[in-house]
Each structure stands twice: as structure tokens, then as C-alpha cells.
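J.: Supplied in C-alpha cells, the structure appears directly below.
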Amino acid sequence: MSEVVLEVLNPRGVLEDPRRRGLFAPRPADLNGKKICVMALWSDSEAFFATITQMLKEKYPAVEFVYAESMHSPFAQDKTAEVAAMCDAWLDGVKSCTTGGRMDAAARLEMLGKPGVSVCTDAVLMLKKLQSDFNGVPTCRVVSVPATDYIAAKMDPEKMKAVAAAAFDDIVRALTEPLTKEEQEVSDFIVDESPLKFTGATYSEAYEKFQQYCADNAMGDGMPVVPPTREAVEWMLTGTTYPRDKVIGIMEPKRGIATVEKIAINAVMAGARPEYLPVIIAMVEAITDERFNQYHVVNEILPVFFISGPIVEEIGLNNGSGYLAPGYRANATIGRALLMCMINIGWRDMRYYSSPGGPGQIAAYANYVIPENQKESPWPSYAVSCGFGPDESVVTVCETLSVMRGPAETLFMETYEQRLEKMRQIFSQHTNVFSHFGMPPHGNPGARHMIAMHPSLARQLADAGFTRESFIQWLHDANTIDWDKMTEEEREEFKRNVREGRVSEFMRRFSLDDCRPGLLMEPFSDIKHVALMVAGTGAGATLVFSTSMGSTVLGAKDGKPLPFMQKVIRGAALTKAGR
């Protein structure tokens, strides 16, 4: 019996910059007389390093310490040159469970010839190593501490002493032991794009080998994938007029090059049809725009996509009952195709980039893809409200930190006034999105909200005289504390509420010192920072997706961030919409 050969095209992306280098700066054998820069991430890290520096001082009496701000935050500026100029070695950490920014201070300091050690919990050890790798130095030294021990001691400096003491010897060795050959000699990250072949006595055997290969090499989402044979990929490419080698963008975290063909290969693996391909391409184009914080959405922070325009109906996207549920090929595979592109083109290893240290989110399998129900909307389409033409189909995307359920029809008998109040409360300073970061006291330009409103609530609002824009303005005004616009009576009432402890904000109570000109707390600073689109059925529910810092804020040009990232769907070959 002849063997069956299953040949598939390679879904992996070639890296924009495959260069890698090893460590080269000599490690100091003796820390006496050396100046070590300590970069503590949070207050718990400060407690951890307080013990480490004390123990280092006892072991090396002539060691000195200087301190610099951690560069872990997405907002951090690259100050590695300044740090390198002030020290002989460095300590950085403690990364416990968060995403942070793409830049790796460890890799950049090593490139500047300054040796050091990063500290993290074991829950994110591989994530930290991968971060150093895609910053060009894969062998940066990292010491890990048990996540349970460290995080249980986060708010208790006394307990943190024991956690730090247990890691002390490992930190000293990482600071002082000579470099190994493996640490110094590394290879560039070269991708072999050759087709992959799987053989078996039967097709089932070859097919299973392909599935296992994808699982073993982190090339899937854990569910079976469709083999991207040459014939299947050619069929997928019939959905677009774009040339196969057209570069759509660069995908994080490793910055793989997303060509139309690579996107098509991954769309096949996700089970998509050719007429969906222009939508998938537009989604990739949106998140790879340099003004979009793509690194966040390839970690645990999910993107939310609104799809507005005639292509929704033409390709059969479900915009009614269960639009986020299983059962609809277009909805499920379009979102899954984007995930497959992240996994294979961007080299997003889901074992580590699904939720750093956390449980993950089931919605990550297909992302949040929300199609507009324009037929039942009382307002113009969302795309038209943003200035696009009625024949244009548009993808809108932003990351979300919080998903909140607004008014719903099932098991609820609410008056219109009660529904308004429920919507208002979602945008108050006490709800989920602001429970950690709080509302800034001088305006809130970074906040973004995306409202997927079911048609019956939209109809009630329209019947009451609200336009899309006037309702968003009402949400703002009903939740804003603006001292400068208060009447004297309102100011006195506000101060009375402060004295009685009825006005609170993230982890603190307001004091009378806050009651002064300039006090401005608002859920968002511009009505354009709220996307409101009608989706679902009249018997459905309203969902609100919120983030305290929108995906377009960090990449703003000239200090003027876009409200949301939007791309017109183009290049369609099989549909009238999206051409």
C-alpha cells in the first residue's frame, strides 16, 4: 500500500528583523566597589529589593546602589542609556503577572554592555524570556520566584523578606557567574517557509500527524485546524483582488510579516471561506497600524471589533440572536482567523501569551466580532456616523479591560427610567473599568467605550428624542464631576457629601482639599471616544466594553490619538461590498 502524503503551506511569518545576539558583557566576579542600579516595578518590588540590597551589602560591604524607574510600563520611555551611564550592573523586576510594554530594558542594557538580572515569578518566566528574545537578546539572565509565595506576600513587607531571601543566592549567581558558551553564541531567527509534509498509511494518520505537529509547535489554538493545502489556499485567495505578496502589516510579538498569502493560509486553518478574507485582512491591517497598541492585544487583553456596512449581510454574519455564540461560521471563523494570524505570523505562543499568570478568556478563541444590525437600528449606521459612505464597510477595533452587561430583556421588567439609570451606572467612577485605575482628577482623555446596544433599547432612546450622539453626551454629563461648572449650591452639596464620606474614588476617599477649581472627573473626554452600534435582537441585551486607556493612545501622532482604529474593507472579489 502506498503512503498518503498531506502537504500543507507553512503559516509561519518571516520576521521583519531576524537578528539575534548573545550576551557579551563580562559579569563582575566581585561586587565590592560596583554600583548596581535597582529598577523596582511596584511597591511590592521595592520591598523585595530592599531585602536583596540589604543582603548584598552584608555580603559585599563596598557595593553601592542607585535607583531608577522601571521601564516595564507601556508608557515608559527608553532610559536605558541613562541607566547604563550610572551603574556597573543592574537589577530589574519583579514582573509578577502583567503584560506591561513591549520594550525589554534587560535586552537593551545588555546591548549597551551592562550586565544584570531580571526577576519575575515562575508564572511568567517564559513570557519574560520571550520578551528578551524578540528584543534581540534571547539569553538575558532571569531569576524566577514562586508566584504563589511572591503574590501572597505582595502587601506584607515582612512576608516579602522571606521570599527575597530564598531568591538571594540565585540572584548573586546570575550577577557574578561567568557567561557560558550557550549564552554568548546564539543564532538569528531564520524561518524556513518550505511546505510541510505529513505521511501515513491512511489520510487519517497523516491528518493526525499534522494536527499533532501544530499542537507540539504552538501553531494553533488547541482545537483542530483545517490543513492549508495548496488547493485550499488558492481557493481562499479567490476572495481578494490583492496580490498574494502584498504586505498588510507587521504582527506582534515577534514582528512577523503579514502578507496576503500568509493571512489566507491562516484563514484556511481557521475554517473561513474566501468571501470572509477581505474582512480578515482589514482586521489585520487595523491592529498592525503603527498607531495601534498591538502588543496589548496579543497578550491577555482582548480586542473588540465592530463591523459596520453592507458586507455584514452579504457574507452572512449573524447580527441577531447569539451573535457572540457558537453556531455561525462567519462569526466564528473570522475572529478565529485573526487569532491564527497572531499565533503563526506574529509567533504568539498561546501557552504564554494567553493570559500572563491568569486563567485566560474563553472569548479569545474567536475574539469579540460584533456585526451591526442596521435593519433594526433607529439611527444611521455606525460607519456613516463616523463619516464613511453608506456603501463602505468598516472595521473598528479597540482593546477592552472590562465587559459589562447593561439593560436586557430576559428576566427583566424595567421601566425606561430604570434602564437609563443602569446605563449611567456603567460609566460611573465605581464600576469595573475604573475600579483599578480610577478616574483621573483632571479629565480622562484615554478612556474608550464600545457599546453593543440591542435594538429595543435603541428604539426606546430614539423615541425619547435621543440621537446616538446626544445619548453619549448624556452619559458623559450624568457621570461627570466638574467643579468649575457647578453652581454654589451644587458645590456645597458636594462638600457635604465629601464630609459624610459618600464620595469615593479608587482606594481613597475624597477630602475637602479636593473641592477646588480644576477638579474634573469624567468617564471619557470626547463623545467620539464612545462607539455605539446596534447589534443583536430586540429581545437581547446591551454590552459595554471599556478600557481606561484606548489602543490608539500610545501611538498617537502629534499628541492627537485617534478615537478608535478604523479600516475600510477593500479588495473584495466575491462580494459587491468591500470592493
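J.: Could you check the range 63-81 and list, in sequence order, the residues that are surrounded by fewer than 13 Cβ atoms within 10 Å (Cβ to Cβ) and either in a helix (DSSP H, G or I) or touching a residue at least 60 places away in the same chain (Cβ under 8 Å) (or both)?
T.: Phe75, Ala81
Condition check ((1) farther than 30 Å from Leu179 by Cβ; (2) hydrophobic (A, V, I, L, M, F, W, C); (3) not in a strand (DSSP E or B)) across all residues:
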| site | (1), (2), (3) |
| --- | --- |
| Val5 | yes, yes, no |
| Pro11 | yes, no, yes |
| Asp17 | no, no, yes |
| Arg20 | no, no, yes |
| Ala25 | no, yes, yes |
| Ala29 | no, yes, yes |
| Gly33 | no, no, yes |
| Cys37 | no, yes, no |
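J.: Continuing with this model, one more query. Filter the range 310-355 down to the residues that are within 28 Å of Met549 (Cβ to Cβ) and small (Gly, Ala, Ser), then identify the one that is modelled with the lowest pLDDT.
T.: Ser355
J.: Considering each of Met283, Met251, Met340, Met269 in turn, give the residue that is touching a strand residue (DSSP E or B) at 6+ places or on another chain (Cβ under 8 Å) and farther than 17 Å from Gly578 by Cα.
T.: Met251
J.: Hey, among Gly578, Gly550, Gly538, Gly501, which residue is surrounded by fewer than 18 Cβ atoms within 10 Å (Cβ to Cβ), touching a residue at least 40 places away in the same chain (Cβ under 8 Å) and part of a loop (DSSP other than H, G, I, E, B)?
T.: Among Gly578, Gly550, Gly538, Gly501, only Gly538 is surrounded by fewer than 18 Cβ atoms within 10 Å (Cβ to Cβ), touching a residue at least 40 places away in the same chain (Cβ under 8 Å) and part of a loop (DSSP other than H, G, I, E, B).
J.: Still on this structure, I have one more. For the range 553-566, which residues satisfy the criterion of being surrounded by 19 or more Cβ atoms within 10 Å (Cβ to Cβ) and assigned to a strand (DSSP E or B)?
T.: Residues satisfying the conditions are Met565, Gln566.
J.: A further question follows. Quick one: which of Ala408, Ala383 is hydrophobic (A, V, I, L, M, F, W, C) and farther than 19 Å from Ala577 by Cβ?
T.: Ala408
J.: Looking only at residues that are at pLDDT 95 or above and touching a helix residue (DSSP H, G or I) at 6+ places or on another chain (Cβ under 9 Å) in the range 295-307, which one is surrounded by the most Cβ atoms within 10 Å (Cβ to Cβ)?
T.: Going through the qualifying residues, I end up with Ile307.
Matching residues to (1) hydrophobic (A, V, I, L, M, F, W, C); (2) over 27 Å from Val298 (Cα atoms):
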{"position": "Cys140", "(1), (2)": "yes, no"}
{"position": "Asp156", "(1), (2)": "no, yes"}
{"position": "Asp170", "(1), (2)": "no, yes"}
{"position": "Leu179", "(1), (2)": "yes, yes"}
{"position": "Val186", "(1), (2)": "yes, no"}
{"position": "Lys197", "(1), (2)": "no, yes"}
{"position": "Tyr203", "(1), (2)": "no, yes"}
{"position": "Pro228", "(1), (2)": "no, no"}
{"position": "Gly239", "(1), (2)": "no, no"}
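J.: Does Cys97 qualify as being in contact with a Gly (Cβ under 8 Å, 6 or more places away or on another chain), without any contact (Cβ under 8 Å) to a residue 60 or more places away in the chain and more than 19 Å from Pro28 (Cβ to Cβ)?
T.: no
J.: Could you check the range 91-205 for helices (runs of 4 or more DSSP H) lying wholly inside it with 3 or more residues that are not hydrophobic (A, V, I, L, M, F, W, C)?
T.: Where helices (runs of 4 or more DSSP H) fall fully within the range 91-205 and carry at least 3 residues being not hydrophobic (A, V, I, L, M, F, W, C), they are 125-134, 147-152, 157-176, 181-184.
J.: With the requirement that a residue be surrounded by 24 or more Cβ atoms within 10 Å (Cβ to Cβ) and either assigned to a loop (DSSP other than H, G, I, E, B) or under 22 Å from the mean Cα position of the chain (by Cα) (or both), what does the range 276-292 give you?
T.: Val279, Ile280, Ile281, Ala282, Met283, Val284, Ala286, Ile287, Phe292
J.: Can you find even one residue in the range 260-273 that is of a type in the set (D, E, K, R), farther than 19 Å from Val8 by Cα and surrounded by fewer than 24 Cβ atoms within 10 Å (Cβ to Cβ)?
T.: For the range 260-273, residues of a type in the set (D, E, K, R), farther than 19 Å from Val8 by Cα and surrounded by fewer than 24 Cβ atoms within 10 Å (Cβ to Cβ): absent.
J.: Can you name every one of the helices (runs of 4 or more DSSP H) wholly within the range 308-390 that holds 1 or more residues which are of a type in the set (Val, Ile, Thr) and buried (at least 18 other Cβ atoms within 10 Å of the Cβ)?
T.: 311-314, 329-344
The values are calculated or read from the model by the stated rules, or taken from the named source; none is laboratory data. In this text, all values refer to a predicted model and were calculated from it rather than measured experimentally. Methodologically, a virtual Cβ is constructed for each residue, glycine included, from the backbone with ideal geometry; neighbour enumeration extends over all protein chains shown.
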